[in-house]
Amino acid sequence: MDTVPIDAAGETTQVIPPYVPPRNEPEEPDARGCGVAPRAGVMGIVITVAVVLLVIAGIWTTMRVHAQHEAALNSCRSSLAAYAKAHSRLQRATGTAASSVSMACSSGDSTEGLYAASSVLRSAADTMDEQATAVEQRNRDDSHGNADREQSGTADSSNDAAEARRELGRSIDAAQALLDGVKNSIGNGTAGTMVVNGLGKAIDAANQLMNDSGIADSKYYKAAKVTLDEAVTAVNDWVDAQANKAD
């Protein structure tokens, strides 16, 4: 430090410089401060929102699957009711002993199985209705005498009726072959049982129509063929769905 004389004897004294306060250097941002905390907070919000969206998506998916299953179950029940009604009508028309339908749609079956059962039961009901209509018409013709029967039979040529009958016979053969192939392997569930029973009943109704020599109008054979073919398609779709699940 600098010294200066203060008297003639040569003595010196210390000179104290004026106090200069130190300058404050800029501080580094605290890692816990505003530089990091906002980013961590945003990330937490993003994660929370993502979790909430996943939960909502899971709930929506569950509700959608449940709604689809309920729709399939209701469709099966509606078709089963139509099946039972057609079955009773056919029994009355043919004068056979009344028997109840013991099948029931089960909520434990898959959505696909219930829809397959619904389709087959509906086709079987249509086939039985067609047969019942034909038998009822024949019975009305019988009650009005042979002249009315002959008149009702002129709607189609005999060749048309014979060809329609042969086409129905081919459909019956195809349906029976399918039934023989799947009835022991289609599954043990209620839906599988209804699929097999529904197709079997549709075949029986078509066979009865074929064996009724009093049916001379081709429209009954044609309608029965269409509904039987629909039942066959439904069973094939069900078999394919089961095979895809196994893969």
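The set of residues from region 81-109 being surrounded by fewer than 19 Cβ atoms within 10 Å (Cβ to Cβ) and under 15 Å from Ala234 (Cβ atoms) comprises just one member, Ala82. Residues of region 198-227 that are more than 16 Å from Thr133 (Cα to Cα) and surrounded by 20 or more Cβ atoms within 10 Å (Cβ to Cβ): Gly198, Leu199, Lys201, Ile203. Checked against (1) modelled with pLDDT of 85 or more; (2) crowded, with 21+ Cβ neighbours inside 10 Å, Arg170 passes all but a single condition, namely (2).
Looking only at residues of region 234-247 that are exposed (fewer than 13 other Cβ atoms within 10 Å of the Cβ) and part of a helix (DSSP H, G or I), we find that the one that is modelled with the lowest pLDDT is Ala246.
The values are calculated or read from the model by the stated rules, or taken from the named source; none is laboratory data. It should be emphasised that the depicted structure is a prediction, and the values quoted were computed from it without experimental measurement. Using ideal geometry, Cβ is built from the backbone for each residue, glycine included, and neighbour counts are taken over all protein chains shown.
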